[in-house]
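First comes the structure, then the notes that go with it.
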Amino acid sequence: MTTCLYLDTTTQTLLLGLSVNNVLVAEESSENTSQRYHSAVLLPLIQAMFQQHGVNPMDLTTVMVVTGPGSFTGLRTGVLVAKTFAQFGGANLIAVDGLSLRVWSASQRRCDPASIAVSMKAGRNEVYGAVGSINVDSSVDWQVEPAWFTNDEWQMVLAANPHAAMFDDASPQPTAADLHAWRLAMLQPMFTPWEELTPTYLQPPRITLKATPVM
């Protein structure tokens, strides 16, 4: 039996899915304005999903996880769970970034090979964005590599790519079913060693250093 767990904790909407023998048997979507919510509910949701479909966590074949960009707390939760299944259970890891997933999702909805301009808010006056299209092997071909842009810089990118379709935070967002369909469409999935699984944060975690009084 081949099993795959799908994880996306990069946004306020937690995405979770499970496939057994390449059939998506469960999909969960849970939204909360605080991404700390993800760390509280993710493991119980996974456990319930496994129990319902008779999956032993130690027999999990693959974990497909979105590695960002996202907030520190929410993203760290998903990446840590994926690493745990790989390190202690031997599951293969398929790491995908959120912009690539959005290009895939948008291209499937459009049913054409047009370029997609994808962006996510990354601050008051910044976006994390890129322009890409899907190749025949379901990999992403970037015309503009993922990077941080000011709003003005992003408008210049859009002006330079007038035929690209827009996909931003207001667009219909990807689902666990999109992750599942993308995995099946990959001709040669690239597996990532758990030690090399690296998240991409929209903003670095804020660390407050307290001064130590000199005696």
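Values in this text are rule-based calculations from the coordinates and carry no lab data. The shown structure was predicted, so the numbers you read here are calculated from the model rather than taken from an experiment. Note that we place each Cβ from the backbone using ideal geometry, even for glycine, and neighbour counts take in every protein chain shown.
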Let me have the relative contact order for the chain, percent, based on Cα pairs under 8 Å that are six or more residues apart.
-> 22
So what does the Cα-only Debye profile of the stretch 99-167 read at q = 0.17, 0.22, 0.27 Å⁻¹, as log10 I(q)/I(0), no solvent term?
-> -0.54, -0.86, -1.19
Enumerate the helices in the chain for which the Kyte-Doolittle hydropathy averages -0.5 or more and the C-alpha atoms extend at least 24 Å along the helix's axis, using complete DSSP H runs.
-> 36-52, 72-89
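So what's the projected area for the stretch 38-163, the Cα convex hull averaged over all directions, in nm²? Numbers along the way, then the final one.
Details: hull surface 38.1 nm².
Value for the stretch 38-163: 9.5 nm².
Given Cα pairs under 8 Å that are at least 6 residues apart, what percent is the relative contact order of the stretch 99-167?
Taking the mean separation of contacting Cα pairs over the length of the stretch 99-167, I get 34 percent.
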Order of Y6, Y201, Y128 under a 10 Å beta carbon neighbour criterion, fewest first = Y201, Y128, Y6
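Only four residue types carry charge here, +1 at the Cβ of Lys and Arg and -1 at the Cβ of Asp and Glu. Report the dipole size of the stretch 99-167 about the Cα centre in Debye, rounded to the nearest 20.
Dipole about the Cα centre, nearest 20: 300 debye.
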Can you find, among W142, M166, M156, the residue farthest towards the positive end of the dipole of the stretch 99-167? Put +1 on the C-beta of Lys and Arg, -1 on that of Asp and Glu.
-> M166
What does the helix-only formula give at 222 nm for the chain: each DSSP H stretch with n ≥ 4 adding -39500 (n - 2.57), the total divided by the residues, and the result rounded to the nearest 500 deg cm²/dmol?
-> -10000 deg cm²/dmol
Distance in nm between pseudo-label sites at T2 and D137 (7 Å out along the Cβ direction from Cα) = 1.8
Sites A181 and A40 - FRET efficiency at Förster radius 35 Å, r taken between beta-carbons, to 0.05 | 0.75
Shape category assigned to the chain from the gyration tensor of Cα positions, a/c cut at 1.5 | oblate
